[in-house]
1. Using the number of other C-beta atoms within 10 angstrom as an exposure proxy, rank 173, 65, 304 with the fewest first.
2. List 203, 387 from most exposed to least, where exposure is judged by having the fewest other Cβ atoms within 10 Å.
3. Cβ neighbours within 10 Å, averaged per peptide: list 326-333, 112-119 in order, most packed at the top.
4. Kindly state, to the nearest 0.05, the FRET efficiency for residue 230 paired with residue 296, given R0 = 25 Å and r defined as their beta-carbon distance.
5. Counting other beta carbons within 10 Å of each residue's own, what order do 234, 316, 184 fall into, fewest first?
6. Label the range 145-254 by shape, choosing from rounded, prolate and oblate, from the square roots a ≥ b ≥ c of the eigenvalues of the Cα gyration tensor; if a/c is under 1.5 it is rounded, and otherwise prolate applies when a/b is larger than b/c, oblate when it is not.
7. Place a point 7 Å from Cα of residue 403 in the direction of its Cβ. Which residues in the range 219-249 have their backbone N less than 20 Å from it?
8. Taking 0.36 nm per residue of separation and subtracting the Cα-Cα distance, what length does fully extending residue 373 through residue 288 add?
């Protein structure tokens with residue numbers, strides 16, 4: 001007796017259709033998409049039906065096919081999102097881990113999109129998932145192009161913020177405070193390959209840190225070396241995280257015995273002899289020292305001791321090598337510490353920015369204080385001029401100073 005495979009399969013479809021549709025919809029979060037996925041599921045199942053032998057377990061078998069089909073569908077849509085975004089910072093974060101987005105990551109991206117309010121989700125889907133031009137989305141939805149742009153922008157910012165939080169909390173990328181440590185080294189291409197890879201993962205999903213890195217790339221070539229025998233000092237400040245000041249500073253000077261010192265390090269597993277102080281620096285009590293790097297981006301292990309006044313003395317304890325023209329590159333966070341921004345009492349939307357430095361010995365000192373790119377009517381009170389470095393502008397003073405001279409840069413600006 002011949003078995004009517006087609007009739008049997010049609011009965012299976014009728015029996016399980018509603019339950020499978022509900023199951024698929026719980027994965028893809030969209031009714032129309034769930035119907036498409038389910039249709040593909042039944043086509044795949046029918047092709048394999050003659051070889052299916054585990055009678056009585058049809059529903060779990062169909063669920064497995066449906067689940068895999070749904071994930072492939074999410075994977076396909078999410079890949080389209082990765083290459084279709086027209087915003088300055090896209091979802092290239094899909095490169096964070098080789099297998100990260102295979103299942104969990106793609107589902108999470110789609111769940112973020114699906115959680116947008118209806119009016120924003122529809123615009124976002126047409127604009128970025130389907131890749132439709134603004135004009136076509138406006139015609140399709142019957143709304144002005146300006147509305148399409150504003151809703152697409154809102155949706156993009158919301159999705160990027162949620163994705164960044166998810167990636168950081170999940171340990172897939174470093175957080176901003178960790179990224180701060182490396183941005184100057186990254187900008188000057190003096191960073192270890194493994195550190196560079198971690199930084200670039202973070203920059204793919206964090207516009208704030210990407211703006212800092214991009215502006216530093218334009219600023220660093222402006223900080224010219226000092227003539228031989230003169231210490232070159234730099235200090236760069238950004239306002240981040242509700243008034244915190246991110247600082248990059250350091251200096252370069254000549255070390256005549258650099259070969260001898262490097263040999264000592266090699267003989268002592270990189271440790272500076274305990275009784276000796278080769279390199280040192282200091283900070284006020286309100287400064288949090290984050291990191292220290294050498295010329296090549298090797299991280300330096302330091303020892304921090306606080307004296308009775310609260311001043312922090314920093315000594316190098318372990319390092320890879322000493323260079324002939326050795327660079328000490330420090331990173332810090334502080335509330336003010338020689339660089340701050342305040343709102344003026346004189347006029348609305350008027351701000352004052354200041355920075356200064358007391359280095360000690362005679363040096364060529366460069367101070368650079370970042371202002372938002374939208375700052376207008378910048379008027380220098382002290383210092384040289386303003387450098388436009390893309391995402392940020394910098395007021396600065398860069399000159400030779402005698403021992404114990406103070407270098408200052410100050411301006412007012414409008415926002």
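1. The most exposed by this proxy come first: 304, 65, 173.
2. So the ranking, lowest neighbour count to highest, is 387, 203.
3. 326-333, 112-119
4. Once the sixth-power term is evaluated, E becomes 0.65.
5. Ascending number of Cβ neighbours within 10 Å: 316, 234, 184.
6. Cα axes put the range 145-254 in the prolate bin.
7. In the range 219-249, the label zone of residue 403 (backbone N under 20 Å from the point 7 Å along Cα→Cβ) covers 229-233.
8. Between residue 373 and residue 288, full extension yields an extra 27.9 nm.
Rule-based calculations on the coordinates, nothing more; no lab input. Since we're looking at a predicted model, the values are computed, not measured. A quick note on method: Cβ atoms are made from the backbone with ideal geometry, for glycine too, and the neighbour counts reach across all protein chains shown.
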